[in-house]
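In what follows, a single structure is set out as structure tokens and then discussed.
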Amino acid sequence: MAEKRKLGNSGIEVHPLCLGGNVFGWTIDESTSFKILDGFAAVDFDFIDTADVYSRWAPGNKGGESETIIGNWMKMRGNRKDVIVATKCGLEMAPDKKGLSKRYILRAAEDSLKRLQTDYIDLYQAHKDDPSTPLEETLEAFAQLIKQGKVRAIGASNYKAERLVRALNVSRKQRLPRYESLQPWYNLYDRVEYEAALEPLCLKEGLGVIPYFSLASGFLTGKYRSKSDMAGKARGARVEKYLHERGFRILESLDKVAAEYNATPARVALAWLIARPSITAPIASATKLDQLADLIEATKLKLDAEAIDLLNAASAEAAEPAVSEAV
């Protein structure tokens, strides 16, 4: 079992893997989601990430499906105290339900608590920066939730370095709770934006880092090697941008290291993240138990310096412009 790591200065400790809840109620139904959650808990892993907006984008959904499934699971298993629940607010749930105003955050938190069937959230995150709302107002809302015992710690997702610095300074000056974690888009392929400015900041400030798209929408598992592999896949459209010379070079390096360690490309890609000093726990999702087993095994894989150097060299992207998106 991998040792637990501190999530910033929150007092929360987690294993170096966070289960992504974005697939619950989207690509897998409640019954299958329960099997994945049971499998995760069976090996004493406990860190689960979701968001109120998951999975509003799916036909017939309105948002809140993932939280509802996780809430039903915790209620049925009676294991709330054994689970570290991270959720997020701020993305649009409806025209009048979005952003990071104090009024909306307080409302969104109550909605999430109800769906999760709990009276507290372990890590409550701003899903995306809201430049239209003063940082003071946003942090005051989170402070109120912490004071009320409804939230244990707060985090930021999809924040640029400049805005994260400002938020941390506001917390210091106003004596408000600070963001203890960052959830950035980061993986072996998408490196520049995080490594250039966010990583040094997180290391300096002692923030926990829980990157999403850790497997680049499945590309780093090696299952997408041509356009024909994307046909009929829910995430297929997101993978096409990786199918070029650099992407194939990365897959080749993953294959090589995987062969050396008798592992899989997915395990190696996650182990590379876990080995990075700034990373607390990469987020990865699974729709099948064998995929989940692969994620768990990644936490046991210790890459040597030679393997890490090989992966770093193959994925170097200095020749390409950084791509920035928020999800």
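The values are calculated or read from the model by the stated rules, or taken from the named source; none is laboratory data. Because the structure is a prediction, the values reported are computed rather than measured. Here Cβ is always computed from backbone atoms with ideal geometry, including for glycine, and neighbour counts include all displayed protein chains. Please note that ligands, DNA and RNA were not included when accessible areas were found on the heavy atoms of the full protein model with its side chains. Shrake-Rupley method; radii C 1.70, N 1.55, O 1.52, S 1.80 Å.
For the reader, a short list of remarks on this structure follows.
- Between the Cα long axis of helix 102-116 and the first principal axis of the chain there is an angle of about 70°, rounded to the nearest 10.
- Taking the accessible area of the stretch 146-221, probe 1.4 Å, and keeping the other protein chains in place, the carbon and sulfur fraction comes to 52%.
- Element breakdown for the stretch 12-70 at a 1.4 angstrom probe: carbon and sulfur atoms account for 50% of the accessible area.
- Summing charges over all other residues whose Cβ lies under 14 Å from the Cβ of residue 300, with Lys and Arg as +1 and Asp and Glu as -1, gives -2.
- Surface per residue (accessible, 1.4 Å probe) for the stretch 97-185, Å²: 45
- The chain: angle of helix 135-147 to the longest principal axis, Cα-based, in degrees nearest 10: 80
- Remark: relative contact order (the chain) = 18 percent; criterion is Cα-Cα distance under 8 angstrom and separation of 6 or more residues.
- Within the straight-line cut-off of under 21 Å between alpha carbons, the lysines reachable from residue 128 are 62, 88, 97, 98, 102, 150, 160, sequence neighbours fewer than 8 places apart in one chain being disregarded.
- Crossing angle, helix 305-315 versus the chain [Cα axis fit, 0-90 degrees, rounded to tens]: 80
- Most to least packed among 57-66, 151-160 [average Cβ atoms within 10 Å]: 151-160, 57-66
- Over the chain, dividing the summed -39,500 (n - 2.57) contributions of all DSSP H runs of at least 4 residues by the number of residues returns a 222 nm mean residue ellipticity of -12000 deg cm²/dmol.
- Here the stretch 251-285 and the stretch 101-119 have alpha carbon centers that stand 35 Å from each other.
- Cα gyration tensor category, rounded, prolate or oblate, for the stretch 1-137 with a/c compared to 1.5: oblate
- For the listed peptides 109-118, 27-36, a ranking on the average number of other beta carbons within 10 Å per residue, highest first, reads 109-118, 27-36.
- Cα shape, the stretch 112-195, gyration tensor, a/c 1.5 rule: oblate
- A simple charge model with +1 on the Cβ of Lys and Arg, -1 on the Cβ of Asp and Glu and nothing else charged puts the dipole of the stretch 68-159 at about 440 debye relative to its Cα centre.
- Rounded, prolate or oblate (a/c below 1.5 giving rounded, otherwise prolate when a/b exceeds b/c) for the stretch 147-270 by Cα gyration tensor: prolate
- DSSP bridge orientation in the chain - percent antiparallel, rounded to nearest 5: 10
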